[in-house]
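What follows is one structure encoded as C-alpha cells, with my remarks underneath.
The values are calculated or read from the model by the stated rules, or taken from the named source; none is laboratory data. None of the values given here were measured: they were computed from a predicted structure. Here the Cβ positions follow ideal geometry from the backbone for every residue, glycine too, while neighbour counts run over all protein chains shown.
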Amino acid sequence: MENNFVIFAPSYKRAKGCFTQKYLSQCTYVVAESEAEEYLAEGHKIMVAPDSAQGNLCRIRNWIIDNSPNKNLLLLDDDISCFARYERNISRDMTEAEFYQFVENAFIMAKESGARFWGVNCVDDKGSYREATPFSFNAYIGGPFQAHILEHGIRYDENLPLKEDFDMTLQQLNKYRKVLRFNFIHYFAKMHKNTGGCATYRTLEREKKNLEALRKKWGSKIIRTDSGASQVKRKNENLYDINPIMRSPIKGV
C-alpha cells in the first residue's frame, strides 16, 4: 500500500557520508544540481534542487516544502541509522515497515489533535523518557526529524540556519498553540560528527550569533542559555553552550 506521506532528506557535500536511505528506502535525498552526478554515482535516490537553494539549511528546507508532492512531509537528516521505541523500559529497533506504519498513524494523530507539526524524542537516553508522558504538546522538536502538515503555511527563518529547529517549534506553537512529540520514539544520527551539510558553515561564532538572534526574536524568558553537559569548547576559548533551553509559555507537557 502506498504511503500517504513523503520523506525527504536534504544532503549537501557528502555523497559518501549519507546513509538514511540504507535504513529507509523510501527516503529521497535533495541535492544541488551541481552535485547530482556524484550522488547518482553512489546509487542514491535523489531530487535535484537549484544550486541557489543549497548552502543554508533553512533555504533548502523551504524549497522542499514549496516543491513537496504531498502535504504530509517528513524531513529527516541524511545520516540517520535507525529509529527505536521504548517498550517496557527497553529500547527496541524499529523495522522499516514498522516505521512507515508509525509515521502514517502519527500524521493522522497530529491532525486530529490540532497540531500541524510533529516529531519524536531527540534523546535516546532512557533517563530522558518518562513512561507516564508518552506524548508532549509544547516540547522542542529537533531538526533531524521534523514532520509537517503543509497546510500550516509556516516557513523556516533563513536568518537562523543553526537554530532552525527551535525557531520552527516556536513558530508552530505560536500559531497553533501545540506541536505533537512522540516521546517513546527516538533516533540515532551522526549529526555534528559528520562532514558536509551544516558543518561546512558551522562555527562557534556563528552558533553564538544564531543563539543571540533566536533570543532576540522570542525573548529571554523563552530562550535561555544552558550551563549543562551540552557545552562545547574550542581551542583557547571558554566553555560555551550551543543549545539553548526553550521554555514555552503555553501550559502543558
Handout entry: Where a residue in the range 97-125 is assigned to a strand (DSSP E or B) and its partner, wherever it lies, is among the small types (Gly, Ala, Ser) and at pLDDT below 95, with Cβ under 9 Å and at least six apart
Key = Asn121/Ser128
Problem - Residue in the range 130-145 that is in a helix (DSSP H, G or I), within 17 Å of the chain's Cα centre (by Cα) and either of a type outside the set (A, V, I, L, M, F, W, C) or at pLDDT below 95 (or both) present - result: no
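Each row is one residue, and each column tells you yes or no for (1) touching a Lys or Arg at 6+ places or on another chain (Cβ under 6 Å); (2) modelled with pLDDT under 95; (3) basic (Lys, Arg).
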| site | (1), (2), (3) |
| --- | --- |
| Asp165 | no, no, no |
| Lys178 | no, no, yes |
| Lys193 | no, yes, yes |
| Tyr201 | no, yes, no |
| Lys216 | no, no, yes |
| Ser227 | no, yes, no |
| Val232 | no, yes, no |
| Met246 | no, no, no |
Problem - Within the range 18-36, considering residues that are assigned to a strand (DSSP E or B) and within 16 Å of the chain's Cα centre (by Cα), the one nearest to Asp51 (Cα to Cα) - result: Val30
Problem - Residue list for the range 55-82, restricted to those being part of a strand (DSSP E or B) and in contact with a Cys (Cβ under 7 Å, 6 or more places away or on another chain) - result: Leu76
Completion exercise
Cys58 vs (1) touching a strand residue (DSSP E or B) at 6+ places or on another chain (Cβ under 8 Å); (2) closer than 20 Å to Pro144 by Cα: all pass except (1)
Exercise for the section: Run Ala49 past the list (1) surrounded by 20 or more Cβ atoms within 10 Å (Cβ to Cβ); (2) at positive phi; (3) among the small types (Gly, Ala, Ser) and report the number of the one that doesn't hold. Expected result: (2)
